[in-house]
Number of protein chains: 2
Amino acid sequence: MSPPKPTGQLLKKLRSLMKNIKYVTEPLQAYIIPSGDAHQSEYLADCDKRRAFISGFTGSAGTAVVTEQHACLWTDGRYFLQASKEMDDNWTLIKEGVPGTLTQGAWLAKMLPVGSRVGADPSLVSYATWKPLQTHLEAAGHSLIPIAGANLVDLVWDQEKPLPPTGIVQPLALAYTGKSSHDKVEDVLSQMREKGASMLIVTALDEIAWVLNLRGSDIPYNPVFFSYLVITGNSQVSLFIDEGKITHAVRSHFGEEGLQVSIHPYEKIHSFLNEHIPEQEGRVWISNNSSYGLTALIPEKQRITEITPICLMKAVKNPVEIQGLTNAHIRDAAALCCYFAWLEKEVLRGTVTEISGAKKLEEFRKEQEDYVGLSFATISSVGPNGAIIHYQPSPETDRTITTEELYLCDSGGQYLDGTTDVTRTIHLGTPTQYEKECFTRVFKGQFSLGSCIFPSKIKGNCLDTLARKPLWDVGLDYLHGTGHGIGAYLNVHEGPIGVSWRTLPDDPGLQEGMFISNEPGYYEDGKFGIRLENIVRVVPASTPHNFKDRGFLTFETITLVPIQTKMLVPEVLTEKEVSYLNDYHALCREKVGPLLKKLGHQEAREWLYRETEPIG
Amino acid sequence: MSPPKPTGQLLKKLRSLMKNIKYVTEPLQAYIIPSGDAHQSEYLADCDKRRAFISGFTGSAGTAVVTEQHACLWTDGRYFLQASKEMDDNWTLIKEGVPGTLTQGAWLAKMLPVGSRVGADPSLVSYATWKPLQTHLEAAGHSLIPIAGANLVDLVWDQEKPLPPTGIVQPLALAYTGKSSHDKVEDVLSQMREKGASMLIVTALDEIAWVLNLRGSDIPYNPVFFSYLVITGNSQVSLFIDEGKITHAVRSHFGEEGLQVSIHPYEKIHSFLNEHIPEQEGRVWISNNSSYGLTALIPEKQRITEITPICLMKAVKNPVEIQGLTNAHIRDAAALCCYFAWLEKEVLRGTVTEISGAKKLEEFRKEQEDYVGLSFATISSVGPNGAIIHYQPSPETDRTITTEELYLCDSGGQYLDGTTDVTRTIHLGTPTQYEKECFTRVFKGQFSLGSCIFPSKIKGNCLDTLARKPLWDVGLDYLHGTGHGIGAYLNVHEGPIGVSWRTLPDDPGLQEGMFISNEPGYYEDGKFGIRLENIVRVVPASTPHNFKDRGFLTFETITLVPIQTKMLVPEVLTEKEVSYLNDYHALCREKVGPLLKKLGHQEAREWLYRETEPIG
């Protein structure tokens, strides 16, 4: 990791802009720089990395607040170490999720002089975040001011700011999507009718990509494209996008799928809405995860602010998507087997580092059919770097993979038929007893969650404790959630579902056909990190009873990469856990073995068989 | 249970009042009748049972909504059977917690003609309930109107309405409270200063009783008294109460504890607040669980609406309260042992019924030192009645306790040193294999929750699944929460903590010194009910590690009544569960045995020893 970014001059400029009446009607006492872009994306195009630019902190989640006196960054447990290394002394790290930590609203309310004006770019803050913050600040005698004309960080950035991406959009064939864009829009229209909505405004990029069966390349790792989509009750579909991104292939695709789409310039969304909202006889539906700026265009009484029907439809995979995700995970497992088999030999030469290892893994992925790219920057981390939960190796921090330290590798691929995300932690020498015990408890948690049976539609937070209990039993825990939704050749983190001690505001409950990750971990700062991550599919459970006809569900693990058995302490395992692991390993052999053979990776196949020897 | 209450005439009168401009400025299209009183109490004095009066449904939770066309009652899974039996055909039962059920707001928004006026008595609805309902209704083009002048149900009730209770208030000695009211108020003042509050308005009756070290008898089972309390930053303590309830003993008690209290008539709270709120230089603290009527008296910007500091202080028991609760549970266990021993013999004569059994149990409780009364109406339920989760036997439903059916007994006592709440389910003949399997899984859930280790301050909802998992494993579940807080000679249900799949809005997380119930169950409609309920104390856990110095906690079970071992299926139990049960039963012998001997209950002592024979 580089030395902290010097931010003194940047903050000085920003503070001066906060008082410059060319950009603000009255001076601001605080300015909020959120993490997201105008679509509330988690991963960002370079031109949208404003919070990283101003603070130096490059993690995927975090909000910066700059006042005349202070510059503070809120982030969660995944990023405490990284943020403290990346930020210089001008910045104070505020640790979310730690008891006693103030929220941004509470902090601002407490620190600012009465009657302060807090500014933020209304296009970058979701309505769901803006509204309670506004209420909180107003209750404390302050106000939250939308600074819509110019983003103050962009003004500081000025000439240095990267240009927006210009890549073209590609159609995704029915063989991968399983349902035409026409049929998807029909389903959306039927749900709009049910809610009395005559207009739906879609701002989440993965929702637009999914419903139109298109993919793009505007944001690294996420195959999406900058756009807005508006669907009206009279079946008009309006797509707001830079026209240069729409090729002939895209127009033919709409024709083939029977969808009429009118194309508008990206920046015309505001004027279009201002013109057409007043015409609406029904209500206007916009997710409260959309920006405050767009949401505020709709009269409050006319709004529906629930998550969009697309968000829910996308979360429940159709049979083609299910098959695609399953297949993609087999190919992805083959790539990982090749990598780990190669690494086992190469490590002895002492030349493989976190970065070169990650590159090698990428090469093995590239060999796989329908491979498009990585689904996120590979977390390839050795020893103490493994404790930085969302670590990404840089030349300055790059550590050699050795037989002395644990190696945590969290990676994933984008394939035309699915997105993958898998973490394995291995030791290529002799682990300590303590490392083994921690690993065993992480495995037990993963088993407990992965094998549990639960009533249909319960929310993911109800299952979180299952994954933590074996760690809690000995006074350990981990400071991140346990699971996230995942897209079908879309974003690696996909709402509205997940598994965490936190409740998700829009969680519709777990249903057959959903996919989530199952990834407990344990991290010892300065020493090591352990995480085991599988993707699991929600499937019906076979139970002797079916209370109140609710339907009971369980998980099927579709990630098929061996768990390193030498890291397990047999005495800490139950019989059930041993037989679950042996069954899982038999499945890895059965599903991944033939592919390795077909690809001619004999050594990797031998490694797979060695690593999946039954235990117990 | 009696036949359903005929409500046709009552609804006719109510609907006519809803249009009578003597009481409403414009006709109402709907009127909401909540369950609570002006203090949002769960248990009610007879004069406050408005929802039961209008609907016939007598359960402790439920909200009625009357429109011109419909009369609907929302209640939760504990009461579905009871409500459907108690209400006549004028009423529709709406089942909360069942997927797809509309909330009151959503139902009203959907059913009412646009622009409807929904009325409710603002003193009976908490701010926390009123505000989102108002937002929801306004978004749908309706309005929520406070009908403050007269409660419309009271007008229907008229002459028949019972008079308010007039019992006197009693001081509770320091030997039971462990802390003087003066010191408690000092702690409150210090927390007010921390929040910048110059006035605290306390409306919850148990909070007032606790902070003043007083107890009353205005509400059955809850030793509280109707009052409001206002504490101001200059240490003024104003108690609003019918002066007839304040005896010389109470005045001396304040003197002895060094607390200056000024007494005002109960109904002067509004005028007092109207006079003194404008004088406040600091903010005014009122829990958002207080009524909308009182909360609305405070300018929004001046309000703090978090739960009161008293609510939190009360939840963490002090050493004297901990010892008192522990002791009360030993005496309470002795009474239950006497009852079950007696019942085992008497059942053969075929003369014991649910009601006569409950009376006998009450007699055994009366024998115990410091006994005051029951902490709630005993749920004494045989066979199918056991499936009515909050069943109370009535002459019409009273069933004989036999050797043929399961018997579920959920009861508790108020003692000067503590409140108890315990459920045991027993079979006095030969249970079916299915009954045994269900019982065993309920026991496993209770064990899993009761023995778990967890990080300090995690919220109770994170633990709920532990109690359900053994049932989920075979496709079973129960439709109620798993645990509630409990008072120290106060309300048997006490916030702000609990264990449920639902999150509690004000849950501060579990801390050492808190007490909650641990009560999984299983209910088969029309057949039987099983519930096992213990009270557990939150204590530090001894773990080999202590991640991030968070401190790990576990539970110590203070309820000491044998679990019927013949109901357990040994093959479904793990070794850990068997040894936990044997240890628990050894503790029952050790703690309760000597007391039974001292009280001369030789037969009960023999029963205790028989029922606690080690298994496995």
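Among the residues that make up the range A:114-127, is at least one of them farther than 30 Å from A:Asp417 by Cα, at pLDDT below 95 and within 14 Å of another protein chain (Cβ to nearest Cβ)?
Among the residues of the range A:114-127, at least one is farther than 30 Å from A:Asp417 by Cα, at pLDDT below 95 and within 14 Å of another protein chain (Cβ to nearest Cβ), which makes the answer yes.
Considering A:Tyr580, A:Tyr609, which residue is assigned to a helix (DSSP H, G or I), at pLDDT 95 or above and under 29 Å from the mean Cα position of the chain (by Cα)?
Checking each option against the conditions leaves just A:Tyr580.
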Checked pairs for the range B:224-252, first free of Cβ contacts under 8 Å to residues at least 40 places away in the same chain and part of a strand (DSSP E or B), second of a type in the set (Asp, Glu) and open to solvent by 10 Å² or more (accessible area, probe 1.4 Å), C-beta under 8 Å and 6 or more apart or across chains, list as B:Leu229/B:Glu207; B:Phe240/B:Glu267
Among (1) more than 17 Å from the chain's Cα centre (by Cα); (2) open to solvent by less than 20 Å² (accessible area, probe 1.4 Å); (3) at pLDDT below 95, A:Cys588 falls short only on (3)
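Among the strands (runs of 3 or more DSSP E) lying completely within the range A:33-110, list those that include at least 2 residues that are surrounded by fewer than 20 Cβ atoms within 10 Å (Cβ to Cβ).
A:92-95
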Across the range A:92-137, the tally of residues that are within 19 Å of A:Thr67 (Cβ to Cβ) and either of a type outside the set (Lys, Arg) or touching a residue at least 40 places away in the same chain (Cβ under 8 Å) (or both) stands at 32
Counting only strands (runs of 3 or more DSSP E) wholly inside the range B:514-559, the ones holding at least 2 residues that are at the interface with another protein chain (Cβ under 10 Å from one of its Cβ atoms) are B:521-524, B:552-557
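Residue by residue, here is whether (1) more than 30 Å from A:Pro99 (Cα to Cα); (2) touching a helix residue (DSSP H, G or I) at 6+ places or on another chain (Cβ under 7 Å); (3) open to solvent by 10 Å² or more (accessible area, probe 1.4 Å) holds:
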site: B:Glu396; (1), (2), (3): yes, no, yes
site: B:Asp417; (1), (2), (3): yes, yes, yes
site: B:Thr420; (1), (2), (3): yes, yes, no
site: B:His427; (1), (2), (3): yes, yes, no
site: B:Glu435; (1), (2), (3): yes, no, yes
site: B:Phe439; (1), (2), (3): yes, yes, no
site: B:Phe443; (1), (2), (3): yes, no, no
site: B:Phe447; (1), (2), (3): no, yes, yes
site: B:Asn461; (1), (2), (3): no, no, yes
For the range B:242-277 the number of residues that are over 16 Å from B:Phe226 (Cα atoms), open to solvent by 40 Å² or more (accessible area, probe 1.4 Å) and not small (Gly, Ala, Ser) is 7
With criteria (1) of a type in the set (A, V, I, L, M, F, W, C); (2) part of a strand (DSSP E or B); (3) under 15 Å from the mean Cα position of the chain (by Cα), A:Ala377 comes up short on (2)
Test: residue in the range A:256-264 that is within 29 Å of the chain's Cα centre (by Cα) and part of a helix (DSSP H, G or I) = no
Note: among A:Pro132, A:Pro162, A:Pro122, just one is within 24 Å of A:Glu207 (Cβ to Cβ), open to solvent by 20 Å² or more (accessible area, probe 1.4 Å) and not charged (D, E, K, R), namely A:Pro132
Scanning the range A:1-16 for residues that are in contact with a strand residue (DSSP E or B) (Cβ under 9 Å, 6 or more places away or on another chain) and open to solvent by 20 Å² or more (accessible area, probe 1.4 Å) gives A:Pro4, A:Lys5, A:Arg15
Restricting the range B:278-296 to residues that are under 20 Å from B:Pro132 (Cβ atoms) and in a loop (DSSP other than H, G, I, E, B), the one most open to solvent (accessible area, probe 1.4 Å) turns out to be B:Asn289
Condition (residue is open to solvent by 10 Å² or more (accessible area, probe 1.4 Å), more than 22 Å from B:Leu608 (Cβ to Cβ) and touching a residue at least 12 places away in the same chain (Cβ under 8 Å)) applied to the range B:327-339: is it met by at least one residue? no
Determine whether the range A:167-181 contains at least one residue that is assigned to a helix (DSSP H, G or I), under 30 Å from A:Leu325 (Cα atoms) and open to solvent by less than 30 Å² (accessible area, probe 1.4 Å).
yes
| said: If I filter the range A:357-373 for residues that are surrounded by 24 or more Cβ atoms within 10 Å (Cβ to Cβ) and not in a helix (DSSP H, G or I), do I get at least one hit? | reply: no
Picked from the range B:502-513 (must be in contact with a strand residue (DSSP E or B) (Cβ under 7 Å, 6 or more places away or on another chain) and either open to solvent by less than 10 Å² (accessible area, probe 1.4 Å) or more than 11 Å from chain A (Cβ to nearest Cβ) (or both)), the residue farthest from A:Leu504 (Cα to Cα) is B:Gly513
Just one listed residue, out of B:Val569, B:Val561, B:Val536, is over 24 Å from B:Arg610 (Cβ atoms) and open to solvent by less than 30 Å² (accessible area, probe 1.4 Å), and it is B:Val536
Residue hits (the range A:34-88; of a type in the set (Asp, Glu) and touching a residue at least 60 places away in the same chain (Cβ under 8 Å)) are A:Asp37, A:Glu42, A:Asp46, A:Asp76, A:Glu86, A:Asp88
Looking across the range A:135-159 at residues that are among the hydrophobic types (A, V, I, L, M, F, W, C) and part of a helix (DSSP H, G or I), the single one that is most open to solvent (accessible area, probe 1.4 Å) is A:Leu155
Got at least one residue in the range A:480-489 being under 20 Å from B:Leu466 (Cβ atoms), modelled with pLDDT of 95 or more and open to solvent by 10 Å² or more (accessible area, probe 1.4 Å)? yes
| query | Would you call B:Lys301 of a type in the set (Lys, Arg), farther than 23 Å from B:Asp121 by Cβ and either assigned to a helix (DSSP H, G or I) or within 13 Å of chain A (Cβ to nearest Cβ) (or both)? | reply | yes
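The values are calculated or read from the model by the stated rules, or taken from the named source; none is laboratory data. Predicted model, so just to flag it, every value in this text is computed and none were measured. No Cβ is skipped: glycine too gets one built from the backbone with ideal geometry, and neighbour counts run over all protein chains shown. Note: areas computed on protein heavy atoms with side chains; ligands, DNA, RNA excluded. Shrake-Rupley method; radii C 1.70, N 1.55, O 1.52, S 1.80 Å.
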